Each structure stands twice: as structure tokens, then as C-alpha cells.
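Asker: Sharing a structure here in C-alpha cells format.
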Amino acid sequence: MTSQIRFLMCAPEYYDVDYVINPWMEGNIHKSSQERAVQQWQKLHHVLKEHAIVDLVKPHQGVPDMVFTANAGLVLGENVVLSRFLHKERQKEEPYFKAWFEENGFTVYELPKDLPFEGAGDALLDREGRWLWAGYGFRSELDSHPFLAKWLDIEVLSLRLTDDRFYHLDTCFCPLANGYLLYYPGAFDSYSNRLIEMRVAAEKRIAIEETDAVNFACNAVNVESIVVMNKASDALKKRLKRVGFEVIETPLTEFLKAGGAAKCLTLRVNEPVREELHANTYVESQVVRMEGHLLDSGLINRALDLIIDNGGSFKVMNFLLGEQRQSTSAAEVKVSAPSHEVMESIVSHLIDLGAMNLPENEEDAKLQPVIQNGVAPDDFYVSTIYPTEVRINGEWVKVQNQRMDGAIAITQTNQGRVAQCKILRDLEIGEKVIVDVQGIRTIRNPESREKRNTEEFSFMSAGVSSERRVELIVEQVAWELRKIRDSGGKVVVTAGPVVIHTGGAEHLSRLIREGYVQALLGGNAIAVHDIEQSMMGTSLGVDMKRGVSVRGGHRHHLKAINSVRRHGSIAKAVQAGMIQRGVMYECVRNSVPFALAGSIRDDGPLPDTQMDLIKAQEEYAKLLKGADMVLMLSTMLHSIGVGNMTPAGVKMVCVDINPAVVTKLSDRGSVESVGVVTDVGLFLSLLVQQLDKLTSPYTAEIV
Ligand code: ARG
């Protein structure tokens with residue numbers, strides 16, 4: 001029986017693996033057997049001829065991949081969008097395919113130069129003709145999809161490929177008759193998987209395993225109830241049989257060496273058009289502008305990478321390279337995304353990097369009212385640590401209380417309109433919140449190259465230091481501490497109990513006593529162990545002088561807690577003479593405010609520990625206001641909490657023996673955060689020594 005289905009094929013006379021443009025071709029150059037390739041191709045040709053009409057295009061020397069006619073173009077009705085190959089090796093096929101389409105009466109559409117699209121290899125019609133699935137990520141550019149929609153007048157659903165073994169959509173995705181879909185979910189990003197699941201009902205989805213996928217089971221030709229492919233596992237055959245398909249296996253191993261199989265070797269050239277359906281593409285684009293030391297600072301790479309990583313694609317429209325060492329560059333980048341949702345996530349990241357709209361495209365920020373206390377409208381813009389401005393009635397308004405993970409609330413006050421970052425629970429009915437990503441920009445000062453190189457603090461910004469650099473960093477931190485103290489600035493310390501266990505208490509006490517610390521943040525534990533040590537000389541029962549456990553020592557910290565509770569507070573215990581040294585003692589004596597935030601595991605707790613976490617966060621925020629530097633000493637919990645509340649521009653030094661904690665905190669991507677992987681006791685002792693050096697009288701060396 002022959003259906004009216006028509007395929008185009010190209011005999012493998014000149015087929016070979018001549019170059020490497022996909023992972024399958026690696027190591028296979030000239031490794032395919034010509035003889036076997038011909039046999040395998042003929043067998044496929046024979047099988048298909050029993051079920052459909054097969055046309056042939058004349059093969060040509062020098063274009064070995066021309067056998068893969070799926071990549072000739074994309075046909076719908078009388079129209080064809082000709083492929084624009086990504087690789088120059090295959091671009092030579094374009095004129096041959098174009099001639100064939102023209103000779104056979106098709107209207108040929110050609111994409112703009114440099115906009116790759118690889119035909120039916122990357123675009124597959126739903127078998128009911130309801131829409132077109134189009135792939136991007138490796139060979140075809142997302143920006144080609146709107147052209148397909150326009151020229152073929154069909155809805156396009158863009159799917160992003162993420163595994164380079166499945167570089168064409170037809171290597172991992174095969175719509176079948178009756179609305180079934182054979183596909184390998186692992187080849188797509190999660191957004192695309194969600195899109196597939198939204199369009200194809202669960203009982204119609206035939207998701208396959210990797211073992212079948214790498215045998216090109218999805219690279220199948222479906223004619224009514226038969227599915228022709230290279231090879232399928234028994235399980236897959238059974239599954240397909242249950243839903244009415246018969247698998248015909250025909251080995252195509254020689255073509256697998258070039259990264260193709262049954263479907264790649266064919267092109268359906270009589271796809272019926274459904275007249276009642278029309279284009280409706282979701283691809284959104286927007287042009288953003290970036291300025292600064294785009295190349296030196298790697299900003300442009302970061303921007304372009306993040307567009308791709310978040311599922312979009314880009315085109316650099318203009319790039320004005322600054323010519324002198326000092327001059328900045330400017331770029332205009334067209335960003336495309338398969339949906340508004342994806343566009344929003346890309347743009348919000350780009351905003352963090354300082355990207356802006358072109359002046360002519362500037363729009364006001366979108367506002368939505370708060371209708372329930374403590375709850376933001378869906379789709380609210382999540383604030384970052386960077387200084388932000390929002391556009392309201394044509395004017396850019398600076399956002400106050402900049403912090404991470406808040407919403408931007410707009411309120412009308414006597415002084416006019418105010419924009420401020422607020423944590424969700426503080427939002428109130430009557431306020432308006434910025435939603436979407438329009439009309440928002442961050443002000444990143446484009447540090448001049450010179451400044452980046454000489455600024456004392458910034459040389460450490462390369463991120464996490466190795467042990468060898470600890471001393472160097474200590475010198476820099478000491479210098480900063482001294483500078484801040486002398487200019488009446490503010491240093492906030494967050495400290496974990498490890499500071500006490502590692503013998504850092506005496507050093508931290510000194511920093512406080514000598515005026516280098518203006519506020520202390522921590523949990524119940526740092527205070528408990530500090531007080532235990534000042535009262536009994538142990539920290540969690542370990543004798544700090546001898547380094548051994550003391551008999552019954554595990555009860556020491558409870559005794560310390562009990563004594564403070566008897567006095568009512570740490571300050572009162574200090575006044576009563578019960579606590580005579582240590583970190584907490586120095587805080588009380590020197591009027592350095594502290595906040596202790598409670599947690600579920602706290603013993604006691606001390607009367608000073610704030611067990612209402614919302615209040616504790618407020619206390620932290622209050623003490624952090626106006627800080628010039630935050631010294632984070634071995635506490636992941638409190639340091640990350642503090643990091644979230646602190647705007648960009650505050651220097652942060654994070655000391656922890658665990659590199660993961662340090663990386664997490666120095667991830668702020670800014671010049672001002674430094675990570676030191678080392679023992680915190682050691683760090684503090686070096687720091688104190690270094691401060692001593694800075695204070696000792698100057699003596700010129702006389703020789
Ligand atoms: N070697 C060819 C390439 O990498 C194989 C093409 C396979 N075709 C396909 N529709 N998947 O371009």
C-alpha cells in the first residue's frame with residue numbers, strides 16, 4: 001500500500017565523514033564504509049517506497065552530508081524555508097537544495113544572512129498540523145523562528161536543546177500520528193519540557209530512555225502506523241505497539257557516525273496545510289544597551305552567556321569599542337526569548353549587570369497594588385543588592401533601603417513619591433509594587449580601569465584566596481579596619497561559636513576594646529561559649545589552655561547560661577562582676593551594641609537572645625545600617641542572613657574554614673567581597689598582630 005506521503009532523499013554516492021561538526025563525527029573521520037552505507041541507505045529507501053512516494057535529489061561531490069535531506073529546508077504546502085547552515089562545510093549544499101525546490105514549483109523563502117536555521121532537522125510539524133515545534137540552541141537560532149511563523153503562517157513552539165549529542169530537534173523528538181509524541185526529555189531544558197507537557201497529554205507522550213535515544217530511536221520516519229528507525233529496545237517496541245504503532249528497524253550505523261539516521265535521511269515534501277490555523281509566535285525580542293569596560297571586565301561575556309543560559313538568544317547590533325585604555329565601550333544587544341516569562345528572567349539578570357533600554361524605548365515601570373498585607377502581587381520584581389532606579393511618570397526615582405530579595409514598593413508621602421525595598425511581610429495595602437522588568441535600571445559605576453587596579457581593597461577581589469594569600473589579605477583588612485576606625489566609620493562583625501573554640505576570643509575582644517568594631521551580630525552560641533570561657537576557661541567543655549576535655553565539662557555551658565539568667569541579662573552579669581573578660585564583656589564595657597538571633601537548637605537561651613526571628617532580623621538590619629565593612633567570622637547562617645540585608649558598596653570579608661561558605665558569600669560578583677579560607681582563630685591572631693604593627697611607632701631602619 002502506498003499513501004500519498006512524499007519524501008525527498010539523496011543517494012549516498014559521495015557520503016563520508018569528512019569533518020567534525022557534531023560529537024558523533026568525532027573520531028569517525030573516514031571511518032564509515034561506503035559500501036555498507038549504500039546498502040543501508042538502499043534498504044531504507046526500499047522500506048519507505050513500500051509506504052510512500054520517494055523523490056530523489058542528485059548528489060554532489062564535496063558535500064558529503066547532502067544525504068541528510070532533512071536539512072534541506074522546511075516545507076509546508078507550497079512554501080519552503082531554505083536552510084541556512086551554521087557550518088560553512090554544509091553551506092555549500094544550499095544552492096543544490098534551492099535549485100531542487102525551485103524546479104519542483106515551491107516558493108522559496110531565504111533567511112537573512114548569518115541567521116542559521118537547519119530546516120526540518122530543527123523544525124517538526126505536529127502530525128495534525130496544529131503547530132510547528134522548532135528547536136534552537138545548537139544549529140538554529142531562536143530569531144529564525146518568527147520568520148518561520150510569518151512565512152508559513154503557523155504557530156511556532158520553540159524548544160531549547162541543551163545536550164550537544166542531540167543537536168538537531170529531530171535527533172530527540174518525533175511527533176507521531178494521532179497526536180503521539182516520541183521524545184527524549186533529557187535533551188531539553190526544563191522550560192521546554194514544560195511546554196511539551198502543556199501541549200501533549202501525558203497518555204500521548206512516549207518519553208524514551210537515554211539508551212534508546214543514543215540509538216537514534218527518535219530519529220524515526222512515521223507513515224501512518226509504521227515507524228521506521230535504526231534500532232529500538234524491546235521495551236520501546238512493546239510500548240509503541242500498545243498504542244498502535246509497528247516499529248520497522250533498519251540499521252543505519254554508517255550514518256550514525258555522522259550524527260544522523262532514518263529521519264535525517266528524508267524530507268517530507270508534501271506537508272498539508274490547515275487553512276484555519278494561523279501564525280502566533282511567542283518569540284519576544286528587545287534591544288538593551290550596555291556601557292562600561294565591557295571587554296576588560298568581562299561584562300559583555302557575562303551578559304551574552306546569561307542570555308543563552310537562561311534560554312534566550314542574542315544578536316549584537318552595535319558594538320562601539322573604546323579605543324583608549326580609559327575609554328568605555330558600548331553595545332546594543334538584541335535579546336530574544338521564547339516567551340515573556342523567559343524574557344523577564346533574562347532581562348532581570350541583565351539589569352543587575354547594568355543593562356538599560358535604549359532611550360527611545362524607555363517606559364515607565366509597571367505597578368500593581370498590594371491587596372493583602374504582607375503579600376506582593378505575582379510577578380513582582382525581586383530586588384538585588386545593586387543601587388536601583390525605577391521610572392515613574394517619566395522620571396527615574398532612586399530606590400531606598402536597597403537590599404536583596406525584597407519587592408520595590410512605591411508610596412506617596414508628604415515629601416512626594418518614595419520608592420523603597422521592602423521585605424514581603426512588610427508590604428501594606430495601599431502601596432504599589434513594581435512588577436515585570438520594565439522601567440528598572442541599576443546604576444553600576446563603571447570603575448575606570450585605573451581605579452580597578454589600584455583601589456586597595458580590590459586586588460583581593462579575585463575571590464577565594466588560597467592559604468598563601470591569607471597574610472596578604474590580613475594586611476589589607478588591617479589597613480581597612482584602621483582607616484575606618486580613624487574616620488569614624490562602622491564595622492559590623494558576625495561571629496559564630498567557632499571563633500571561641502579556635503581561641504579567637506581574646507583577639508576579637510581586643511578588636512572591640514580598641515574601637516575597631518561598632519556592632520556584633522551572632523547567635524546564642526557565640527555568647528554562651530564566650531561567657532563559659534570567661535567564667536570557667538572552657539569552650540563547650542574543652543579547656544582552652546590545654547586543649548583537652550574537662551571532666552563534666554559538657555555541663556559548663558549550661559551553668560554559664562544559668563548564671564546569666566539569674567542576673568537577668570549579659571550586661572547585668574557584667575556589672576555584677578560575674579563576667580570579667582571576653583567578647584561579650586568588651587561589648588558591654590565599650591557600649592558596642594550586639595544582637596543575638598535565636599534558633600531551634602539553642603540551649604537556654606540567654607535572656608538577651610531574641611527568639612522572635614522577625615524581631616531578630618529587624619535588630620540585625622538596624623545594626624547594619626550605615627556599615628562600611630562587615631567582617632564575617634565562621635558563621636554561615638548569620639553571614640548569609642547579613643549578606644541578604646546589605647546593599648552593594650559595603651565591603652565584606654568572609655572568613656571560614658569551609659570553602660563552600662566563602663564562595664557563596666564572595667559570589668556577590670562585586671569588587672567589595674573577599675573570601676578567606678582559613679582557621680578563624682588564626683586569622684584573628686594575624687589580624688591583631690598586623691594592627692599592632694600599624695600602631696607601633698615608626699622606626700626607619702638604620703644601617
Ligand atoms: N553530519 C550532519 C550534521 O552534523 C548530520 C545531520 C543530521 N541531520 C539531522 N536532521 N539531524 O549536520
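Asker: Any idea which of 144, 190 is hydroxyl-bearing (Ser, Thr, Tyr), farther than 24 Å from residue 226 by Cβ and surrounded by fewer than 24 Cβ atoms within 10 Å (Cβ to Cβ)?
Answerer: Exactly one residue qualifies, and that residue is 190.
Asker: Please enumerate the residues belonging to the stretch 194-223 that are in a helix (DSSP H, G or I) and either crowded, with 18+ Cβ neighbours inside 10 Å or within 14 Å of the ligand (Cβ to nearest atom) (or both). Explain how you work it out, then say what you get.
Answerer: As a first pass, look at the stretch 194-223 and keep what is in a helix (DSSP H, G or I): 194-199, 202-204, 210-213.
Answer for the stretch 194-223, where residues must be in a helix (DSSP H, G or I) and either crowded, with 18+ Cβ neighbours inside 10 Å or within 14 Å of the ligand (Cβ to nearest atom) (or both): 195, 196, 212, 213.
Asker: Regarding the stretch 161-183, can at least one residue be identified that is at pLDDT below 95 and either within 14 Å of the ligand (Cβ to nearest atom) or buried (at least 23 other Cβ atoms within 10 Å of the Cβ) (or both)?
Answerer: For the stretch 161-183, residues at pLDDT below 95 and either within 14 Å of the ligand (Cβ to nearest atom) or buried (at least 23 other Cβ atoms within 10 Å of the Cβ) (or both): absent.
Asker: Right, next: Determine if the stretch 278-290 includes at least one residue that is buried (at least 22 other Cβ atoms within 10 Å of the Cβ), within 17 Å of residue 51 (Cα to Cα) and either away from the ligand (no atom under 16 Å from the Cβ) or not aromatic (Phe, Trp, Tyr) (or both).
Answerer: Within the stretch 278-290 (the criterion being buried (at least 22 other Cβ atoms within 10 Å of the Cβ), within 17 Å of residue 51 (Cα to Cα) and either away from the ligand (no atom under 16 Å from the Cβ) or not aromatic (Phe, Trp, Tyr) (or both)), the answer is no, since none of the residues qualifies.
Asker: Could you tell me how many of the residues in the stretch 548-586 are of a type in the set (Lys, Arg) and touching an Asp or Glu at 6+ places or on another chain (Cβ under 9 Å)?
Answerer: 2
Asker: Can you tell me which of (1) more than 21 Å from residue 505 (Cα to Cα); (2) of a type in the set (Gly, Ala, Ser); (3) free of Cβ contacts under 8 Å to residues at least 40 places away in the same chain is the one residue 591 doesn't meet?
Answerer: In the conditions (1) more than 21 Å from residue 505 (Cα to Cα); (2) of a type in the set (Gly, Ala, Ser); (3) free of Cβ contacts under 8 Å to residues at least 40 places away in the same chain, residue 591 misses (1) alone.
Asker: Which one of 619, 672 is acidic (Asp, Glu) and at pLDDT 95 or above?
Answerer: The unique qualifying residue is 619.
Asker: Just give me the residues in the stretch 383-395 being in contact with an Asp or Glu (Cβ under 8 Å, 6 or more places away or on another chain) and surrounded by fewer than 15 Cβ atoms within 10 Å (Cβ to Cβ), in sequence order.
Answerer: Once the filter is applied, which keeps residues that are in contact with an Asp or Glu (Cβ under 8 Å, 6 or more places away or on another chain) and surrounded by fewer than 15 Cβ atoms within 10 Å (Cβ to Cβ), the stretch 383-395 yields 393, 394.
Asker: Looking at the stretch 242-274, which of the residues that are basic (Lys, Arg) and either touching a residue at least 12 places away in the same chain (Cβ under 8 Å) or within 12 Å of the ligand (Cβ to nearest atom) (or both) is nearest to residue 106 (Cα to Cα)?
Answerer: Result: 268.
Asker: Do you know which of the residues in the stretch 1-35 that are surrounded by 15 or more Cβ atoms within 10 Å (Cβ to Cβ) and charged (D, E, K, R) is nearest to residue 164 (Cα to Cα)?
Answerer: Among them, the one singled out is 18.
Asker: Right, something else. From 114, 126, 122, which residue is over 28 Å from residue 176 (Cα atoms) and among the charged types (D, E, K, R)?
Answerer: Exactly one residue qualifies, and that residue is 114.
Asker: Just to be sure I understand, how many residues within the stretch 128-147 are part of a loop (DSSP other than H, G, I, E, B) and not basic (Lys, Arg)? Please lay out each step first, then the result.
Answerer: Of the residues in the stretch 128-147, the ones part of a loop (DSSP other than H, G, I, E, B) are 128-131, 137-141.
Remaining after also requiring not basic (Lys, Arg): 128-129, 131, 137-138, 140-141.
Selection size over the stretch 128-147: 7.
Asker: Among what's in the stretch 304-320 and is in a helix (DSSP H, G or I) and touching a helix residue (DSSP H, G or I) at 6+ places or on another chain (Cβ under 6 Å), pick the residue that is surrounded by the fewest Cβ atoms within 10 Å (Cβ to Cβ).
Answerer: 306
Asker: Taking the condition of being among the hydrophobic types (A, V, I, L, M, F, W, C), in a helix (DSSP H, G or I) and surrounded by 18 or more Cβ atoms within 10 Å (Cβ to Cβ), how many residues in the stretch 36-89 meet it? Working first, answer last.
Answerer: Our first condition is that a residue be among the hydrophobic types (A, V, I, L, M, F, W, C); within the stretch 36-89, this holds for 37-38, 41, 44, 47-48, 52-54, 56-57, 63, 66-68, 70, 72, 74-76, 80-82, 85-86.
Now drop any that are not in a helix (DSSP H, G or I), which leaves 37-38, 41, 44, 47-48, 66-67, 70.
Next, from what is left, pick out any that are surrounded by 18 or more Cβ atoms within 10 Å (Cβ to Cβ): 37, 41, 44, 47-48, 66-67, 70.
Here the count works out to 8.
Asker: Filter the stretch 109-145 down to residues that are away from the ligand (no atom under 13 Å from the Cβ) and more than 23 Å from residue 205 (Cβ to Cβ), then give me how many there are.
Answerer: Looking only at that region, the number is 11.
Asker: Looking for something farther than 26 Å from residue 214 by Cβ, surrounded by 21 or more Cβ atoms within 10 Å (Cβ to Cβ), among the basic types (Lys, Arg) and within 16 Å of the ligand (Cβ to nearest atom) - is there at least one such residue anywhere in the stretch 91-101?
Answerer: Among the residues of the stretch 91-101, not one is farther than 26 Å from residue 214 by Cβ, surrounded by 21 or more Cβ atoms within 10 Å (Cβ to Cβ), among the basic types (Lys, Arg) and within 16 Å of the ligand (Cβ to nearest atom), which makes the answer no.
Asker: Counting just the residues of the stretch 183-241 that are within 27 Å of the chain's Cα centre (by Cα) and without any contact (Cβ under 8 Å) to a residue 24 or more places away in the chain, which one comes out farthest from residue 51 (Cα to Cα)?
Answerer: 190
Asker: Condition check: of a type in the set (Gly, Ala, Ser) and out of contact with any strand residue (DSSP E or B) (no Cβ under 9 Å at 6 or more places or on another chain). Does residue 179 satisfy that?
Answerer: Details: of a type in the set (Gly, Ala, Ser): yes; out of contact with any strand residue (DSSP E or B) (no Cβ under 9 Å at 6 or more places or on another chain): yes.
Against the criterion (of a type in the set (Gly, Ala, Ser) and out of contact with any strand residue (DSSP E or B) (no Cβ under 9 Å at 6 or more places or on another chain)), residue 179 qualifies.
Asker: Somewhere in the stretch 500-509, is a residue touching a strand residue (DSSP E or B) at 6+ places or on another chain (Cβ under 6 Å) and among the small types (Gly, Ala, Ser)?
Answerer: Checked the stretch 500-509: no residue is touching a strand residue (DSSP E or B) at 6+ places or on another chain (Cβ under 6 Å) and among the small types (Gly, Ala, Ser).
Asker: Restricting to strands (runs of 3 or more DSSP E) lying wholly in the stretch 321-412: which have 1 or more residues that are of a type in the set (D, E, K, R) and under 22 Å from residue 283 (Cα atoms)?
Answerer: Fully inside the stretch 321-412 and qualifying: 329-337, 366-369.
Asker: Continuing with the same structure: Among the residues of the stretch 542-577, which ones are assigned to a loop (DSSP other than H, G, I, E, B), at pLDDT 95 or above and either hydrophobic (A, V, I, L, M, F, W, C) or within 22 Å of residue 494 (Cα to Cα) (or both)?
Answerer: Once the filter is applied, which keeps residues that are assigned to a loop (DSSP other than H, G, I, E, B), at pLDDT 95 or above and either hydrophobic (A, V, I, L, M, F, W, C) or within 22 Å of residue 494 (Cα to Cα) (or both), the stretch 542-577 yields 569, 576.
Asker: Just one of the numbered conditions (1) under 30 Å from residue 651 (Cα atoms); (2) over 40 Å from the mean Cα position of the chain (by Cα); (3) exposed (fewer than 15 other Cβ atoms within 10 Å of the Cβ) is not true of residue 545; which one?
Answerer: (1)
The values are calculated or read from the model by the stated rules, or taken from the named source; none is laboratory data. All values derive from a computational prediction rather than experimental measurement. Because the Cβ atoms are built from the backbone with ideal geometry, glycine has one as well, and the counts that use them run over all protein chains shown.
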